[in-house]
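**Q** If you scroll down you'll find the structure; I have some questions about it.
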(Lines give C-alpha, C1' and ligand atoms only; values in the text may rest on other atoms or scores of the structure.)
Protein backbone atom coordinates (compact mmCIF):
# COMPACT_ATOMS: atom_id res chain seq x y z
CA UNK A 1 0.00 0.00 0.00
CA UNK A 2 2.76 2.38 1.03
CA UNK A 3 4.71 1.41 -2.07
CA UNK A 4 1.67 2.15 -4.26
CA UNK A 5 1.22 5.58 -2.72
CA UNK A 6 4.90 6.38 -3.24
CA UNK A 7 4.64 5.29 -6.86
CA UNK A 8 1.54 7.46 -7.37
CA UNK A 9 3.24 10.48 -5.81
CA UNK A 10 6.33 9.90 -7.93
CA UNK A 11 4.20 9.64 -11.09
CA UNK A 12 2.29 12.83 -10.29
CA UNK A 13 5.51 14.68 -9.53
CA UNK A 14 7.08 13.50 -12.77
CA UNK A 15 4.01 14.49 -14.78
CA UNK A 16 3.89 17.90 -13.14
CA UNK A 17 7.60 18.46 -13.74
CA UNK A 18 7.28 17.45 -17.38
CA UNK A 19 4.36 19.80 -17.85
CA UNK A 20 6.22 22.71 -16.30
CA UNK A 21 9.34 21.85 -18.27
CA UNK A 22 7.40 21.92 -21.51
CA UNK A 23 5.89 25.29 -20.66
CA UNK A 24 9.28 26.68 -19.75
CA UNK A 25 10.66 25.54 -23.08
CA UNK A 26 7.94 27.40 -24.96
CA UNK A 27 8.63 30.55 -22.95
CA UNK A 28 12.34 30.17 -23.66
CA UNK A 29 11.50 29.75 -27.34
CA UNK A 30 9.55 32.99 -27.53
CA UNK A 31 12.03 34.97 -25.44
CA UNK A 32 14.93 33.85 -27.61
CA UNK A 33 13.01 34.58 -30.79
CA UNK A 34 12.01 38.03 -29.56
CA UNK A 35 15.65 38.93 -28.88
CA UNK A 36 16.94 37.53 -32.17
CA UNK A 37 14.78 39.59 -34.54
CA UNK A 38 14.68 43.29 -35.32
CA UNK A 39 11.24 44.66 -34.50
CA UNK A 40 11.01 48.24 -35.89
CA UNK A 41 7.33 48.60 -35.05
CA UNK A 42 7.79 47.25 -31.54
CA UNK A 43 4.88 44.85 -31.95
CA UNK A 44 6.52 41.88 -30.26
CA UNK A 45 8.03 44.06 -27.56
CA UNK A 46 4.67 45.54 -26.62
CA UNK A 47 2.48 42.46 -26.95
CA UNK A 48 4.80 39.73 -25.68
CA UNK A 49 4.68 40.42 -21.95
CA UNK A 50 6.08 37.33 -20.26
CA UNK A 51 4.39 38.11 -16.98
CA UNK A 52 1.19 37.09 -18.75
CA UNK A 53 -0.16 33.93 -20.36
CA UNK A 54 1.71 33.37 -23.65
CA UNK A 55 -1.43 32.17 -25.42
CA UNK A 56 -2.52 35.82 -25.53
CA UNK A 57 0.60 36.90 -27.41
CA UNK A 58 0.32 38.29 -30.93
CA UNK A 59 0.70 35.45 -33.42
CA UNK A 60 0.61 32.64 -30.86
CA UNK A 61 -2.05 29.93 -31.03
CA UNK A 62 -2.12 27.30 -28.30
CA UNK A 63 -3.35 23.73 -28.27
CA UNK A 64 -5.78 24.35 -25.43
CA UNK A 65 -5.63 28.03 -24.46
CA UNK A 66 -7.67 27.56 -21.28
CA UNK A 67 -5.64 24.65 -19.95
CA UNK A 68 -1.96 25.01 -20.84
CA UNK A 69 0.49 27.28 -22.63
CA UNK A 70 1.96 24.84 -25.14
CA UNK A 71 1.41 26.40 -28.53
CA UNK A 72 1.08 24.78 -31.94
CA UNK A 73 1.11 27.76 -34.29
CA UNK A 74 3.22 30.88 -34.65
CA UNK A 75 2.04 33.43 -37.21
CA UNK A 76 4.23 36.53 -37.45
CA UNK A 77 3.15 37.58 -40.93
CA UNK A 78 3.30 41.22 -42.01
CA UNK A 79 4.82 42.60 -38.79
CA UNK A 80 7.76 44.37 -40.44
CA UNK A 81 10.28 42.07 -38.76
CA UNK A 82 13.90 42.08 -39.92
CA UNK A 83 17.09 40.11 -39.42
CA UNK A 84 18.01 36.55 -40.16
CA UNK A 85 15.94 33.41 -39.61
CA UNK A 86 14.67 33.62 -35.99
CA UNK A 87 16.53 31.77 -33.28
CA UNK A 88 15.12 29.71 -30.43
CA UNK A 89 12.56 27.75 -32.42
CA UNK A 90 14.14 24.45 -31.34
CA UNK A 91 12.59 25.08 -27.91
CA UNK A 92 9.08 25.21 -29.40
CA UNK A 93 8.60 21.47 -29.07
CA UNK A 94 4.89 21.47 -30.00
CA UNK A 95 5.11 23.81 -32.98
CA UNK A 96 3.47 22.49 -36.17
CA UNK A 97 2.80 25.72 -38.09
CA UNK A 98 5.19 28.63 -38.74
CA UNK A 99 4.31 31.70 -40.82
CA UNK A 100 7.01 34.37 -41.27
CA UNK A 101 5.65 35.72 -44.56
CA UNK A 102 5.59 39.36 -45.67
CA UNK A 103 8.44 40.57 -43.52
CA UNK A 104 12.00 41.63 -44.28
CA UNK A 105 13.97 38.61 -43.13
CA UNK A 106 17.21 37.96 -45.01
CA UNK A 107 20.16 35.61 -45.12
CA UNK A 108 20.09 31.84 -45.63
CA UNK A 109 17.46 29.40 -44.48
CA UNK A 110 19.30 27.38 -41.78
CA UNK A 111 20.85 24.13 -42.96
CA UNK A 112 19.69 22.49 -39.73
CA UNK A 113 16.13 23.74 -40.02
CA UNK A 114 14.87 20.19 -39.45
CA UNK A 115 16.37 20.19 -35.97
CA UNK A 116 14.94 23.60 -35.21
CA UNK A 117 11.35 22.92 -36.26
CA UNK A 118 11.10 19.14 -36.28
CA UNK A 119 7.33 18.71 -36.30
CA UNK A 120 6.26 21.40 -38.75
CA UNK A 121 3.55 20.58 -41.27
CA UNK A 122 3.08 24.19 -42.47
CA UNK A 123 5.95 26.55 -43.36
CA UNK A 124 5.48 29.93 -45.03
CA UNK A 125 8.58 32.07 -45.64
CA UNK A 126 7.21 33.92 -48.66
CA UNK A 127 7.80 37.59 -49.47
CA UNK A 128 11.05 38.04 -47.59
CA UNK A 129 14.67 38.32 -48.76
CA UNK A 130 15.99 34.89 -47.85
CA UNK A 131 18.96 33.97 -50.03
CA UNK A 132 21.22 31.03 -50.76
CA UNK A 133 20.13 27.54 -51.71
CA UNK A 134 17.11 25.62 -50.47
CA UNK A 135 18.47 23.44 -47.65
CA UNK A 136 18.08 19.73 -48.25
CA UNK A 137 17.02 19.42 -44.60
CA UNK A 138 13.58 20.73 -45.54
CA UNK A 139 13.07 17.46 -47.39
CA UNK A 140 13.27 15.55 -44.11
CA UNK A 141 10.24 17.33 -42.69
CA UNK A 142 6.65 16.10 -42.87
CA UNK A 143 5.39 19.25 -44.55
CA UNK A 144 1.96 19.56 -46.08
CA UNK A 145 2.51 23.16 -47.18
CA UNK A 146 5.76 24.90 -48.17
CA UNK A 147 5.71 28.46 -49.48
CA UNK A 148 9.04 30.16 -50.20
CA UNK A 149 7.74 32.40 -52.96
CA UNK A 150 9.27 35.82 -53.67
CA UNK A 151 12.68 35.55 -52.03
CA UNK A 152 16.21 35.56 -53.45
CA UNK A 153 16.85 31.83 -53.31
CA UNK A 154 19.22 30.36 -55.88
CA UNK A 155 20.51 26.99 -57.03
CA UNK A 156 18.42 23.98 -57.92
CA UNK A 157 15.32 22.52 -56.32
CA UNK A 158 16.58 19.51 -54.31
CA UNK A 159 15.57 16.19 -55.83
CA UNK A 160 15.00 14.99 -52.27
CA UNK A 161 11.71 16.90 -52.34
CA UNK A 162 10.25 13.63 -53.54
CA UNK A 163 10.70 12.34 -49.99
CA UNK A 164 8.10 14.81 -48.68
CA UNK A 165 5.24 12.42 -49.24
CA UNK A 166 2.58 14.61 -47.63
CA UNK A 167 3.38 17.74 -49.61
CA UNK A 168 0.12 19.07 -51.05
CA UNK A 169 1.13 22.68 -51.72
CA UNK A 170 4.47 24.04 -52.95
CA UNK A 171 5.28 27.53 -54.19
CA UNK A 172 8.81 28.58 -55.18
CA UNK A 173 7.86 31.35 -57.63
CA UNK A 174 9.82 34.59 -58.02
CA UNK A 175 13.26 33.48 -56.90
CA UNK A 176 16.54 32.89 -58.75
CA UNK A 177 16.27 29.12 -59.01
CA UNK A 178 17.66 27.19 -61.97
CA UNK A 179 17.88 23.71 -63.41
CA UNK A 180 15.38 20.97 -64.06
CA UNK A 181 12.22 20.81 -61.96
CA UNK A 182 12.05 17.34 -60.36
CA UNK A 183 9.42 15.30 -62.20
CA UNK A 184 7.36 14.54 -59.10
CA UNK A 185 6.71 18.27 -58.65
CA UNK A 186 5.12 18.66 -62.09
CA UNK A 187 1.69 18.14 -60.49
CA UNK A 188 1.82 21.68 -59.12
CA UNK A 189 0.69 24.67 -61.26
CA UNK A 190 3.20 26.39 -63.53
CA UNK A 191 2.51 29.67 -61.72
CA UNK A 192 4.09 28.15 -58.59
CA UNK A 193 7.43 28.00 -60.43
CA UNK A 194 7.17 31.20 -62.49
CA UNK A 195 9.65 34.04 -62.10
CA UNK A 196 12.72 31.77 -62.04
CA UNK A 197 14.46 32.38 -65.37
CA UNK A 198 16.71 29.36 -65.00
CA UNK A 199 14.01 26.80 -64.19
CA UNK A 200 12.76 24.45 -66.87
CA UNK A 201 10.86 21.23 -67.32
CA UNK A 202 7.20 20.43 -66.65
CA UNK A 203 5.05 22.23 -65.75
CA UNK A 204 7.24 24.95 -67.34
CA UNK A 205 8.82 24.80 -70.80
CA UNK A 206 10.92 21.82 -71.74
CA UNK A 207 14.60 22.28 -70.93
CA UNK A 208 15.58 21.50 -74.52
CA UNK A 209 13.42 24.31 -75.86
CA UNK A 210 14.71 26.69 -73.21
CA UNK A 211 18.31 25.87 -74.11
CA UNK A 212 17.62 26.23 -77.83
CA UNK A 213 16.06 29.63 -77.25
CA UNK A 214 19.07 30.76 -75.25
CA UNK A 215 21.51 29.42 -77.84
CA UNK A 216 19.54 30.98 -80.69
CA UNK A 217 19.51 34.36 -79.01
CA UNK A 218 23.22 34.10 -78.24
CA UNK A 219 23.98 33.11 -81.86
CA UNK A 220 22.08 36.12 -83.20
CA UNK A 221 23.95 38.44 -80.86
CA UNK A 222 27.31 36.93 -81.82
CA UNK A 223 26.55 37.24 -85.53
CA UNK A 224 25.48 40.85 -85.09
CA UNK A 225 28.67 41.73 -83.21
CA UNK A 226 30.92 39.95 -85.72
CA UNK A 227 29.11 41.50 -88.69
CA UNK A 228 29.28 44.98 -87.22
CA UNK A 229 32.98 44.63 -86.45
CA UNK A 230 33.78 43.35 -89.94
CA UNK A 231 31.77 46.12 -91.54
CA UNK A 232 33.53 48.74 -89.49
CA UNK A 233 36.97 47.39 -90.42
CA UNK A 234 36.13 47.29 -94.13
CA UNK A 235 34.68 50.77 -94.04
CA UNK A 236 37.67 52.14 -92.16
CA UNK A 237 40.18 50.57 -94.57
CA UNK A 238 38.34 51.90 -97.60
CA UNK A 239 38.05 55.39 -96.14
CA UNK A 240 41.68 55.49 -94.99
CA UNK A 241 43.50 53.96 -97.94
CA UNK A 242 41.22 54.97 -100.81
CA UNK A 243 40.02 58.52 -100.04
CA UNK A 244 40.08 59.25 -103.79
CA UNK A 245 37.04 56.98 -104.10
CA UNK A 246 35.00 59.53 -102.18
CA UNK A 247 36.26 62.31 -104.45
CA UNK A 248 35.42 60.19 -107.45
CA UNK A 249 32.00 59.27 -106.11
CA UNK A 250 31.12 62.93 -105.57
CA UNK A 251 31.58 63.51 -109.29
CA UNK A 252 29.01 60.84 -110.04
CA UNK A 253 25.32 61.33 -110.18
CA UNK A 254 23.98 62.29 -106.70
CA UNK A 255 21.89 59.12 -106.64
CA UNK A 256 24.97 56.94 -107.19
CA UNK A 257 26.90 58.91 -104.57
CA UNK A 258 24.13 58.34 -102.00
CA UNK A 259 24.20 54.60 -102.66
CA UNK A 260 27.99 54.53 -102.20
CA UNK A 261 27.86 56.57 -98.99
CA UNK A 262 25.03 54.53 -97.46
CA UNK A 263 26.83 51.27 -98.25
CA UNK A 264 30.05 52.55 -96.65
CA UNK A 265 28.20 53.82 -93.56
CA UNK A 266 26.41 50.51 -93.07
CA UNK A 267 29.67 48.63 -93.36
CA UNK A 268 31.27 50.95 -90.83
CA UNK A 269 28.43 50.35 -88.42
CA UNK A 270 27.20 53.94 -88.55
CA UNK A 271 23.70 52.97 -89.67
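**Q** Looking at 112, 78, which is the one that is out of contact with any strand residue (DSSP E or B) (no Cβ under 9 Å at 6 or more places or on another chain), on the phi > 0 side of the Ramachandran plot and assigned by TED's automatic domain parsing to the domain that holds residue 200? I'd like the intermediate steps shown before the answer.
**A** Details: 112 fails: on the phi > 0 side of the Ramachandran plot.
Step by step, each of 112, 78 is checked, and only 78 is out of contact with any strand residue (DSSP E or B) (no Cβ under 9 Å at 6 or more places or on another chain), on the phi > 0 side of the Ramachandran plot and assigned by TED's automatic domain parsing to the domain that holds residue 200.
**Q** Give just the number: which of (1) surrounded by 20 or more Cβ atoms within 10 Å (Cβ to Cβ); (2) at pLDDT below 95 does residue 118 not satisfy?
**A** It fails just one condition, (1).
**Q** Which residue out of 207, 139 is more than 20 Å from the chain's Cα centre (by Cα) and at pLDDT below 95?
**A** Numbers: 139 fails: more than 20 Å from the chain's Cα centre (by Cα).
When all the criteria are applied, what remains is 207.
**Q** Also, quick follow-up: For segment 31-50, name all the residues that are within 13 Å of residue 91 (Cβ to Cβ) and either in contact (Cβ under 8 Å) with a residue 60 or more places away in the chain or in contact with a strand residue (DSSP E or B) (Cβ under 7 Å, 6 or more places away or on another chain) (or both). Before you say what the answer is, go through the steps one by one.
**A** Step one: list which residues in segment 31-50 are within 13 Å of residue 91 (Cβ to Cβ), which gives 31-36.
Result: 36, single match.
**Q** Any idea how many residues of segment 68-94 are closer than 19 Å to residue 55 by Cβ and in contact (Cβ under 8 Å) with a residue 60 or more places away in the chain?
**A** The total comes to 6.
The values are calculated or read from the model by the stated rules, or taken from the named source; none is laboratory data. Since this is a predicted model, take the numbers as computed values, not measurements. Reconstructed Cβ throughout: ideal geometry from the backbone, glycine too, with neighbour counts over all protein chains shown.
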